[in-house]
Ligand SMILES: *Cc1c(COP(=O)(O)O)cnc(C)c1O
Ligand code: SF4
């Protein structure tokens, strides 16, 4: 069924707890709709139709509501708008920058690091983030469908060194709660699996995803639960999300956050320090700050290592240690995410004092 823009918006605004799945289906996929909602003139924005064809716009209304109107450089808008800068290509940016294709154990199962296996539980996401390293991932030939889970689960059961299973994707919380609960039960029956980790951005863009059904199966799960959220900017953390994160903590989830360091979006110590403080207020600890992967068509988001180090040094100078995320990059073939340690990368310190 097709809903009009007005009906979709009215539903999000009037119903304090609209069904997350309806919000997921009602997401904005047309640039004109997005511009209209934000009082922006599409003719005056640097929109790239070809980038939009390659990786189509998708953003839920509840996330758009956190954008400022009439603000073409809003940091949330810039994360989802197909931009003309995406047409730039560089020989130093790749289609599979993190070597995922080499790490596939069985369809949808990646094992790069000791003790942890990552299950691509679905290829779908609620939002399409322009910088994402999965924009070129050949999901159609590695489609992590439910029928592939069987092989993945066998693989996990056969490898006694795996103590943690990470649900990733796409976004695993796109799956229904009965599907997820069933998967969790199967993992629970494998004796060497101790922890279940969920990598998700869905609750950030649609906070209503944290509903009773989800909380119910999480609360009843006997595995240790870790949820790694993906928040990049303090403006993403609104009151509803704050409340929902509290419910997740109450259900026994250890909450962590990973951000991507993005040019013109959060590349400033003040913004990231505010993000850390707001996350902690919601019971979430900052985990990783990723340098953007060298993904083809995303070079305009790149922040150099020296600058990234000075941003994190500046954060460390004003925050308690537990609120400073670890700056990392991902390199194919390494046994873990590669730490980028301030002080070890030579380069000019940017002077933030006056801006
Ligand atoms: C990032 C990643 C992990 C998790 O790494 P941690 O350092 O434990 O957060 C596991 N498997 C794969 C394939 C990954 O890309
Ligand atoms: S939600 Fe995560 S996996 Fe999906 S597009 Fe955004 S960054 Fe990529």
Study note, to complete from the structure: Just one listed residue, out of 174, 165, is within 28 Å of residue 80 (Cβ to Cβ) and touching a residue at least 40 places away in the same chain (Cβ under 8 Å), and it is 174
**Study point:** Boolean, residue 349 is farther than 29 Å from residue 96 by Cα, over 18 Å from the mean Cα position of the chain (by Cα) and modelled with pLDDT of 95 or more
**Key:** no
Review point. Out of 168, 176, 189, 163, which single residue is surrounded by fewer than 19 Cβ atoms within 10 Å (Cβ to Cβ) and within 16 Å of ligand 1 (Cβ to nearest atom)?
Key: 163
Study note, to complete from the structure: Across the stretch 273-288, the tally of residues that are without any contact (Cβ under 8 Å) to a residue 40 or more places away in the chain and assigned to a strand (DSSP E or B) stands at 2
Point to revise | Of residues in the stretch 77-116 being touching a strand residue (DSSP E or B) at 6+ places or on another chain (Cβ under 9 Å), part of a loop (DSSP other than H, G, I, E, B) and modelled with pLDDT of 80 or more, the one nearest to ligand 2 (Cβ to nearest atom) | key: 80
Point to revise | Candidate set: the stretch 56-87, residues that are touching a residue at least 60 places away in the same chain (Cβ under 8 Å) and under 13 Å from residue 31 (Cβ atoms); chosen: the one farthest from the chain's Cα centre (by Cα) | key: 83
Check your understanding: Is it the case that some residue within the stretch 212-220 is over 17 Å from residue 327 (Cα atoms) and either assigned to a loop (DSSP other than H, G, I, E, B) or within 16 Å of ligand 1 (Cβ to nearest atom) (or both)?
Key -> no
Exercise for review: May I ask you to list the residues in the stretch 289-305 that are within 16 Å of ligand 1 (Cβ to nearest atom) and either farther than 15 Å from residue 269 by Cα or part of a loop (DSSP other than H, G, I, E, B) (or both)?
Suggested key: 291, 292, 293, 294, 295
Study note, to complete from the structure: Scanning the stretch 202-211 for residues that are within 16 Å of ligand 2 (Cβ to nearest atom) and assigned to a helix (DSSP H, G or I) gives 202, 203, 204, 205, 207, 209
Exercise for review: Specify the residue that is farthest from ligand 2 (Cβ to nearest atom); the eligible residues are those in the stretch 168-201 that are in contact with a helix residue (DSSP H, G or I) (Cβ under 7 Å, 6 or more places away or on another chain) and more than 19 Å from residue 20 (Cβ to Cβ).
Suggested key: 190
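The values are calculated or read from the model by the stated rules, or taken from the named source; none is laboratory data. Just so we're clear, the structure is a prediction, and the values are computed from it rather than from any experiment. Cβ atoms come from the backbone with ideal geometry, glycine included; neighbour counts cover every protein chain shown.
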